[in-house]
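**Student:** Starting off with a structure, shown below.
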Amino acid sequence: MRLAVRYLAYPLIIGIVSIGAVTLAASPGAAIALPILTLAGALVIGGLERLSPYQQAWTKNHGDLWADIQYNLMGAALIQASVHFIYPLSTAALSLGLWPNTWPLWASVLGVGIVIDFGLYWMHRWSHRSAILWRFHQPHHSPERLYWLNGERRHLVSALLLATPGLVAVAVLGAPQAALAAWFAILPVHLAFQHANIDYTLGPFRRLLGVAEMHRWHHKRDYEDAQVNFGEVLLIWDWLFGTAHDDRRGVAADDLGLRDADYPRGFWRQHLAAFGSRRARL
């Protein structure tokens, strides 16, 4: 079983979720069906952590579970608001009608994903370079373990800033709403895998995708070591712009989190801390 999880978990689950998302995105019940699909995929990942953990110490609650549930609920609400309210209004106001309307839906989903991922890469990287933006990005790096729920641990301001460039770009291009809905059904499942405490690998393909074995380095406690592998889904941006890091040694169980040991842990306290007087430590 552990061998099957190690080599098949990511391609099988992401494959099923992707096919399901493309199939359901244009259906009348997509607004209900897609969130259910995303939740089902994430729950399977949570279950696989129990079967084949990467670090046994990360299977225990570090006092972070309730905060991560709150962050995930906020993230789900933002996705629904973006797909069903913000994006249609943005497209109506900004679209230049440049998106190829002859593309099949799966191709539009892939195109939307590439555009959004490119924007996420640069905003993510900038969030590590700017002391002001780092204040809002710190919650994402505060956990001292990685597991399936903390991929969505993002301050509200950071979540909005990270998503805005890509969303504006696809709105200007006039990408179909169904393609965005499908991509936003797939992305949270990938993020759950990216942060999952599962002993899995993509072998040589790990260098192309932001999966856990590459992304764990981005969460190392030492800030200088964490300035790598910013890509959310695609690592091609990291290889193109000199921020990729590939090391098969793995990350120790006690090597994550922030240098600031007093940084708050709760959802509301982390949101308020970004606006407080405490200095953001880079």
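**Student:** Kindly provide the set of residues from the range 250-277 that are modelled with pLDDT under 95 and exposed (fewer than 13 other Cβ atoms within 10 Å of the Cβ), ordered by number.
**Tutor:** Matches in the range 250-277: ALA252, ASP254, ARG259, ALA261, ASP262, PHE275, GLY276, SER277.
**Student:** Looking at LEU48, is it in contact with a helix residue (DSSP H, G or I) (Cβ under 9 Å, 6 or more places away or on another chain), within 27 Å of HIS140 (Cα to Cα), of a type outside the set (Ser, Thr, Tyr) and touching a residue at least 12 places away in the same chain (Cβ under 8 Å)?
**Tutor:** Answer is yes for this residue.
**Student:** Among (1) of a type in the set (D, E, K, R); (2) more than 18 Å from the chain's Cα centre (by Cα); (3) part of a loop (DSSP other than H, G, I, E, B), where does ARG269 come up short?
**Tutor:** In the conditions (1) of a type in the set (D, E, K, R); (2) more than 18 Å from the chain's Cα centre (by Cα); (3) part of a loop (DSSP other than H, G, I, E, B), ARG269 misses (3) alone.
**Student:** Which one of these is at pLDDT 95 or above, more than 22 Å from ASP64 (Cα to Cα) and in a helix (DSSP H, G or I): LEU191, LEU167?
**Tutor:** Exactly one residue qualifies, and that residue is LEU167.
**Student:** A further question follows. Which of the residues that make up the range 25-54 are surrounded by 20 or more Cβ atoms within 10 Å (Cβ to Cβ) and assigned to a helix (DSSP H, G or I)?
**Tutor:** ALA25, ALA30, LEU34, LEU37, THR38, GLY41, ALA42, ILE45, LEU48, GLU49
**Student:** I would also like to ask the following. Got at least one residue in the range 15-25 being out of contact with any helix residue (DSSP H, G or I) (no Cβ under 6 Å at 6 or more places or on another chain), in contact (Cβ under 8 Å) with a residue 12 or more places away in the chain and closer than 24 Å to ALA77 by Cβ?
**Tutor:** no
**Student:** Scan the helices (runs of 4 or more DSSP H) fully inside the range 55-130 and keep the ones with 3 or more residues being of a type in the set (Phe, Trp, Tyr) and surrounded by 14 or more Cβ atoms within 10 Å (Cβ to Cβ).
**Tutor:** Per the criteria, 105-129.
**Student:** Output the number of residues of the range 145-159 satisfying the condition of being under 17 Å from GLY47 (Cβ atoms) and in contact with an Asp or Glu (Cβ under 7 Å, 6 or more places away or on another chain).
**Tutor:** Result for the range 145-159: 4.
**Student:** A further question on this structure: Tell me the residue from ARG125, ARG145 that is under 25 Å from PHE193 (Cβ atoms) and in contact with a Ser or Thr (Cβ under 8 Å, 6 or more places away or on another chain), please.
**Tutor:** ARG125
**Student:** Check off (1) within 21 Å of MET123 (Cβ to Cβ); (2) out of contact with any strand residue (DSSP E or B) (no Cβ under 9 Å at 6 or more places or on another chain); (3) small (Gly, Ala, Ser); (4) at pLDDT 95 or above for ALA196 and give me the number that stays unchecked.
**Tutor:** The failed condition is (1).
**Student:** Still on this model: Considering each residue of the range 137-160, count those that are of a type in the set (Asp, Glu) and part of a loop (DSSP other than H, G, I, E, B), and give that number.
**Tutor:** Selection size over the range 137-160: 1.
**Student:** Quick check on the range 225-249: of everything there that is of a type in the set (Val, Ile, Thr) and in contact (Cβ under 8 Å) with a residue 24 or more places away in the chain, which residue is surrounded by the most Cβ atoms within 10 Å (Cβ to Cβ)?
**Tutor:** Restricting to residues being of a type in the set (Val, Ile, Thr) and in contact (Cβ under 8 Å) with a residue 24 or more places away in the chain, the top hit is VAL233.
The values are calculated or read from the model by the stated rules, or taken from the named source; none is laboratory data. Predicted model only: the values in this text are computed from it and were never measured. So basically every Cβ, Gly included, is an ideal-geometry build from the backbone, and we count neighbours across all protein chains shown.
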